[in-house]
Amino acid sequence: MINIPKGTKDVLPSEVYLWQHVEKTARETAAGFGFREIRTPVFEHTELFLRGVGDTTDIVNKEMYTFLDKGGRSITLRPEGTAGVARAFLEGGLAGGVLPAKMYYLISAFRYERPQAGRLREFHQFGAELYGSASPYADAETIALADTFLKNLGLKAVTLKLNSIGCKHCRTEYHKALKEYFAPHLHEMCEDCRARYEKNPMRMIDCKEERCKVYTAHAPRMLDYLCNDCKAHFETVRELLDEAKIAYTIDPSIVRGLDYYSRTVFEFASAAAGAQGTVLGGGRYDTLLEQMGEKPIPAVGFAVGIERLLMVIAAENAPVPNEERPAVYLLGMDAQSRKKAYLLATQLRTENISCEVDLMERSVKAQFKYADKLGARFTVVIGESECAAGAAEVKDMKNSSSERVEFARLAQYIKERL
Ligand code: HAM
């Protein structure tokens, strides 16, 4: 047998209702905040991610699924949703439309990472992006959307961590301070950090190597270098979260793994989200469009990993709806009744009543067992005498009652009781 590729997962029919529950909650919560769905291609020109996600990130340097297509173009499977949405926002002319543009997406994304709990090579995200507003109200609204979504899923032990990484002006000062601080230790730090030192020293704060953590733990904090505008912006975001009673902690170590962020950055973490602990990440990215060679338009957004979310839902034992069951199982006791059951099922389905009939030529006893396994609310039993009488024996599994119902009245009878 050919096995599934490493780092990917099937969602089998028995578990898909959990995904549908998360997706439905995502759609409903996004709609409540006025975000509309956007769909972009699974692959884009590689250049988009080089410019968008940034060439100092692990994603771009190590994790992209990149290939030449038959036309010799360099194509990359999207490692995240933000860059594609930014491209679509521009290409679709949304920048000239009514702002802010508020969009959400449910996508698969691809990163060539070492698979472990909560880390896959194909994973799924619910993401949201808000374009056109530099106001701290937009940051607060985006964080509130993330927070409401997690609360709507009934999650309680997911905590919000907040930081500001300033703008390119104050970050210049900060980078200078970081370089001064790291210079004497550089020879003891990992190869990646040495490269980051040159290109984007702030990324060193994020390094997971133990030998680097020794130094990053005491590195200067961006919060101490914010310019007055960035400071005021961050204070208002905090104030608005406080007003909305959204709890958070300030965590100066959050710098995020993508290059496009400025000012507010945030993550929601849970001990149940695998080795990484982060279930949702996002922030403001006022310079992304500029990075892509366009005129700058302020934006803020986040994405949450669905697989990690499902781990948290399971660990917290959060309430999930029951898997959908058929309303009716129609049981034919002999060849003629089987045909009648089949016909009645066809009619009930036109009335939007979900039903099942025997497709395996099972015995009557086995059909009863099967109906039980399906969890159908009603079992409609049809035999020789029922056919003659033009009425079926309807068993309501909810209260173990049984009643004779004319075939012609069956749909009405069931609808009244569902
Ligand atoms: P990110 O932090 O790279 O941000 O990913 C967001 C979430 O996607 C993570 O918190 C995690 O739950 C999930 N995730 C990432 N990589 C994997 C993986 N290999 N396996 C399983 N889950 C994973 C972004 O992607 C940004 N585009 C978020 C954003 C939107 N910022 C602004 N707008």
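The set of residues in segment 25-63 that are out of contact with any strand residue (DSSP E or B) (no Cβ under 7 Å at 6 or more places or on another chain) and aliphatic (A, V, I, L, M) comprises 31, 48, 50, 53, 59, 60. Considering (1) surrounded by fewer than 12 Cβ atoms within 10 Å (Cβ to Cβ); (2) basic (Lys, Arg); (3) within 22 Å of the chain's Cα centre (by Cα), the lone condition that residue 78 does not fulfil carries the number (1).
Within segment 140-158, is even one residue on the phi > 0 side of the Ramachandran plot and modelled with pLDDT of 95 or more? Yes, segment 140-158 has at least one match. Counting only residues that are at pLDDT 95 or above and at positive phi, segment 283-300 holds 1 of them.
Scan segment 117-140 residue by residue and report those that are surrounded by fewer than 20 Cβ atoms within 10 Å (Cβ to Cβ) and near the ligand (Cβ under 9 Å from one of its atoms). The answer is 119, 121, 122. Listed by position, the strands (runs of 3 or more DSSP E) enclosed by segment 37-125 that each have at least 2 residues that are under 23 Å from residue 195 (Cβ atoms) are 65-68, 74-77. Using the structure shown, decide if residue 122 is of a type outside the set (Val, Ile, Thr) and modelled with pLDDT of 95 or more. Answer is yes for this residue. Among residues of segment 1-36 being polar (S, T, N, Q) and assigned to a loop (DSSP other than H, G, I, E, B), the one that is nearest to residue 301 (Cα to Cα) is 8. Filtering segment 255-267 to residues that are near the ligand (Cβ under 8 Å from one of its atoms) and under 22 Å from residue 153 (Cβ atoms) leaves only 267. Screening residue 67 on (1) under 29 Å from residue 204 (Cβ atoms); (2) surrounded by fewer than 16 Cβ atoms within 10 Å (Cβ to Cβ) shows it passes everything except condition (1). Would you mention how many residues in segment 390-402 are more than 14 Å from residue 341 (Cα to Cα) and either out of contact with any strand residue (DSSP E or B) (no Cβ under 8 Å at 6 or more places or on another chain) or surrounded by 13 or more Cβ atoms within 10 Å (Cβ to Cβ) (or both)? So the answer is 6. Which condition breaks for residue 290 when tested against (1) among the charged types (D, E, K, R); (2) surrounded by 16 or more Cβ atoms within 10 Å (Cβ to Cβ); (3) in the same structural domain as residue 107 (by TED's automatic domain parsing); (4) part of a helix (DSSP H, G or I)? Of (1) among the charged types (D, E, K, R); (2) surrounded by 16 or more Cβ atoms within 10 Å (Cβ to Cβ); (3) in the same structural domain as residue 107 (by TED's automatic domain parsing); (4) part of a helix (DSSP H, G or I), only one is false for residue 290: (2).
Close contacts from segment 1-18, counting a first residue that is over 27 Å from residue 323 (Cα atoms) and a second that is not aromatic (Phe, Trp, Tyr), with Cβ to Cβ under 9 Å and a gap of 6+ residues or different chains, come to 5/121; 5/122; 6/115; 6/121. Inside segment 293-329, residues that are in contact with a His (Cβ under 9 Å, 6 or more places away or on another chain), part of a loop (DSSP other than H, G, I, E, B) and within 15 Å of the ligand (Cβ to nearest atom) make up a count of 0.
The numbered conditions (1) part of a strand (DSSP E or B); (2) in contact (Cβ under 8 Å) with a residue 40 or more places away in the chain are all true for residue 142 except (1).
Cβ separations smaller than 9 Å between residues 6+ apart or across chains give the following pairs from segment 36-65 residues that are in contact (Cβ under 8 Å) with a residue 24 or more places away in the chain and among the polar types (S, T, N, Q) to residues that are in a strand (DSSP E or B) and within 15 Å of the ligand (Cβ to nearest atom): 40/105; 40/107; 46/76. If you go through segment 269-288 and keep only what is small (Gly, Ala, Ser) and touching a residue at least 12 places away in the same chain (Cβ under 8 Å), you end up with 269, 270, 271, 272, 273, 274, 275, 281, 282, 283. Scanning segment 245-269 for residues that are surrounded by fewer than 23 Cβ atoms within 10 Å (Cβ to Cβ) and of a type in the set (Lys, Arg) returns 245, 256.
Residue-level analysis places residue 284 outside the set of residues that are over 20 Å from the mean Cα position of the chain (by Cα), of a type outside the set (S, T, N, Q) and either crowded, with 24+ Cβ neighbours inside 10 Å or within 7 Å of the ligand (Cβ to nearest atom) (or both).
The strands (runs of 3 or more DSSP E) found entirely in segment 349-418 that carry 3 or more residues being farther than 13 Å from residue 333 by Cβ and free of Cβ contacts under 8 Å to residues at least 12 places away in the same chain are 401-406. Scanning segment 19-41 for residues that are closer than 14 Å to residue 323 by Cβ and away from the ligand (no atom under 16 Å from the Cβ) gives 20, 21, 24.
The values are calculated or read from the model by the stated rules, or taken from the named source; none is laboratory data. Just so it is clear, the structure is predicted and the values come from calculations on it, not from any experiment. Reconstructed Cβ throughout: ideal geometry from the backbone, glycine too, with neighbour counts over all protein chains shown.
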